[in-house]
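Have a look at the structure below, then the notes.
The values are calculated or read from the model by the stated rules, or taken from the named source; none is laboratory data. On a predicted model such as this, the values are computed, not experimentally measured, just so you know. In this analysis, Cβ positions are derived from the backbone assuming ideal geometry, glycine residues included, and neighbour counts consider all displayed protein chains. Keep in mind that these areas ignore ligands, DNA and RNA; they rest on the heavy atoms of the full protein, side chains included. Shrake-Rupley method; radii C 1.70, N 1.55, O 1.52, S 1.80 Å.
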Amino acid sequence: MESSTLVLLCMLSFISILIGRHVLFGGRQRLPGPARIPILGNHFPTTVPIWEALRNYSKEFGPVYSLRILGIDIVVATTSGACRELTEARSSVFSGRRAPKMAELAGMYEGILFQPDPVRLRQGRKFLASGLQPTPLKAYQPVIHRNIVTFLQRVLTSPTNIYDTIPILATGVSLEITYGYHVSGLEDQFVQRARISVNRFVSATALSLKDGFLVSLLPFLAYIPSFLPGMSFKRTAEEWSRTAVVNAAEGFNMVTENMRNGSARPCLLQKALEAKDGTYEDIVLMRTAAQVYSGGSDTTSSALKTFVLAMTLYPEVQAKAQADIDRHMGGRLPSYAADHEDLPAILHDEAVFPDHEVFRPERWLDSTILQKHDVDPLDIVFGFGRRHVLFLP
């Protein structure tokens, strides 16, 4: 049989399976939601940003509704109350987080983000809690302060390159807390690896053909033989998985070697390894520590870049915030230990904030509204339930 005929037969077989699955199970929509196109699922309007489309759907279908993109079912929760109901009140059912197929193939389920093993997940969260909860994190305040001062010096030297400088701050803090490693600059090997890891993670978890891989939308493609056309994603996943293992092992081995020769600096990994009580598997420590500096640097960088953009777009808000800081600080730099309580700290819920589209950060200073509606941003932006981010300010 010619290879082209074999390829065609294989593809027709899998398409038939997909159609059969849709016929048998595709019509069972347990939650309300927009009408679906057979096989393809939902199509998002291109005239508005995706978050606006999701918000508009919630007005029609309620705070919890479902979508389907090809073979992927998605449950959308659009209010803090709905999120808490699902992830806290029903955490035993909804605490799992399934990795997109490309992320699974690339081994990104190790660590804590998509960890399917409840034992390893508990180990990973305990490891992070040992250093990232508010009380133990106080020991690292000098590290954070020193990195911030260095960051500000770099910004003053080259203000137009602030977007390139921000990742050095985020990755530098994460690396020093996790491994006791000092970042040398933008070209530092760990900074570069963190950037590559984040870019790969974004691609592996994206549910779009533009930014991700078709296998995440059509998971059955993972079971098609590798020699067939269009299967290059398998080689990519294998390469990414090998690189992730090597990078995680390198950081782990660096700390263990420093501990042997007496040069280890205080850090999360050193503290966990010194315990020697069998609490953690090595694979849990390696992969979770790697996610702290790669994933942590990404989320922190994103938040800081968003802040810079907001201050650029809304100079009147920046001026108001600057005046408030100057009033409290008297011309000096603030520090977390001395000034945290004195420094003032978006949910688009129209029922709580009718002017939710207006950029007005001072809305979060009204504690009566936050308590009445349970919308404190520091309780929301870090997630819910068993997947709640452990590091809190």
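What pairs come out if I take residues in region 264-287 that are closer than 19 Å to residue 113 by Cα and pair them with residues that are open to solvent by 40 Å² or more (accessible area, probe 1.4 Å) and of a type outside the set (Phe, Trp, Tyr) whose C-beta lies under 7 Å away, six or more apart or interchain?
281/120; 284/120
Against the definition (modelled with pLDDT of 90 or more, surrounded by fewer than 17 Cβ atoms within 10 Å (Cβ to Cβ) and among the acidic types (Asp, Glu)), how does residue 274 come out, yes or no?
no
Within region 103-146, can you find the residues that are charged (D, E, K, R) and open to solvent by 70 Å² or more (accessible area, probe 1.4 Å)?
If the condition is that a residue be charged (D, E, K, R) and open to solvent by 70 Å² or more (accessible area, probe 1.4 Å), then 104, 122, 126, 138, 146 are the ones that fit.
Name the residues in region 30-60 that are within 20 Å of residue 79 (Cβ to Cβ) and among the small types (Gly, Ala, Ser), would you?
33, 53, 58
Could you check region 32-46 and list, in sequence order, the residues that are farther than 18 Å from residue 60 by Cα and assigned to a loop (DSSP other than H, G, I, E, B)?
Residues satisfying the conditions are 38, 39, 40, 46.
Regarding residue 247, is this residue surrounded by 13 or more Cβ atoms within 10 Å (Cβ to Cβ) and assigned by the TED database to the domain that holds residue 138?
For residue 247, the condition - surrounded by 13 or more Cβ atoms within 10 Å (Cβ to Cβ) and assigned by the TED database to the domain that holds residue 138 - is met.
Just to confirm my filter: which helices (runs of 4 or more DSSP H) fall fully inside region 124-184 and include at least 1 residues that are at pLDDT 90 or above? Talk me through it step by step, then tell me what you get.
On the way: elements: 134-137, 141-157, 162-179.
Per the criteria, 141-157, 162-179.
Go through (1) exposed (fewer than 13 other Cβ atoms within 10 Å of the Cβ); (2) over 30 Å from residue 292 (Cβ atoms) for residue 220 and report which single condition fails.
Evaluating residue 220 over (1) exposed (fewer than 13 other Cβ atoms within 10 Å of the Cβ); (2) over 30 Å from residue 292 (Cβ atoms) leaves (1) as the failure.
Spot the failing condition for residue 298; the list is (1) of a type in the set (Asp, Glu); (2) at pLDDT 85 or above; (3) under 21 Å from the mean Cα position of the chain (by Cα), and only one is missed.
Result: residue 298 fails condition (2) only.
Return only the number of the condition from (1) under 26 Å from residue 117 (Cα atoms); (2) open to solvent by 50 Å² or more (accessible area, probe 1.4 Å); (3) touching a helix residue (DSSP H, G or I) at 6+ places or on another chain (Cβ under 8 Å) that residue 197 does not satisfy.
Status for residue 197: all satisfied but (2).
Say we look at region 152-187 and pick out the residues that are hydroxyl-bearing (Ser, Thr, Tyr) and out of contact with any Leu (no Cβ under 8 Å at 6 or more places or on another chain); which of these is surrounded by the most Cβ atoms within 10 Å (Cβ to Cβ)?
Once the filter is applied, the top-ranked residue is 171.
Filter region 323-348 down to the residues that are at pLDDT below 75, in a helix (DSSP H, G or I), aliphatic (A, V, I, L, M) and open to solvent by less than 80 Å² (accessible area, probe 1.4 Å) and list them by number.
338
Report every pair of residues separated by at least 6 positions or lying on different chains whose Cβ atoms are under 7 Å apart, first residue within region 133-159 and within 14 Å of residue 185 (Cα to Cα), second surrounded by 13 or more Cβ atoms within 10 Å (Cβ to Cβ) and of a type in the set (Gly, Ala, Ser).
Correct list of pairs: 147/172.
When both residues are 6+ apart or on different chains and their Cβ atoms are under 6 Å apart, which pairs have a first residue that lies in region 313-335 and is farther than 20 Å from residue 145 by Cβ, and a second that is in a helix (DSSP H, G or I)?
Here the result reads 318/311, each pair linking region 313-335 to a residue that is in a helix (DSSP H, G or I).
Those residues that are farther than 22 Å from residue 30 by Cα and of a type in the set (D, E, K, R), I need them from region 67-115; list them, please.
101, 104, 110, listed by residue number.
Tally the residues that are of a type in the set (A, V, I, L, M, F, W, C) and either outside any loop (DSSP other than H, G, I, E, B) or in contact with an Asp or Glu (Cβ under 8 Å, 6 or more places away or on another chain) (or both), restricting the search to region 107-123.
3
How about region 206-217: which of its residues are buried (at least 20 other Cβ atoms within 10 Å of the Cβ) and assigned to a helix (DSSP H, G or I)?
215, 216, 217
Kindly establish whether residue 241 is under 26 Å from the mean Cα position of the chain (by Cα), at pLDDT below 90, assigned to a helix (DSSP H, G or I) and over 18 Å from residue 179 (Cβ atoms). Give the derivation first.
Numbers: under 26 Å from the mean Cα position of the chain (by Cα): yes; at pLDDT below 90: no; assigned to a helix (DSSP H, G or I): yes; over 18 Å from residue 179 (Cβ atoms): yes.
Taking the combined requirement at face value, the residue does not satisfy it.
Return the residues of region 257-286 that are touching a helix residue (DSSP H, G or I) at 6+ places or on another chain (Cβ under 9 Å), of a type outside the set (Gly, Ala, Ser) and over 21 Å from residue 188 (Cβ atoms); say none if nothing qualifies.
Hits for region 257-286 are 259, 271, 273, 274, 279, 280, 281, 282, 283, 284, 285.
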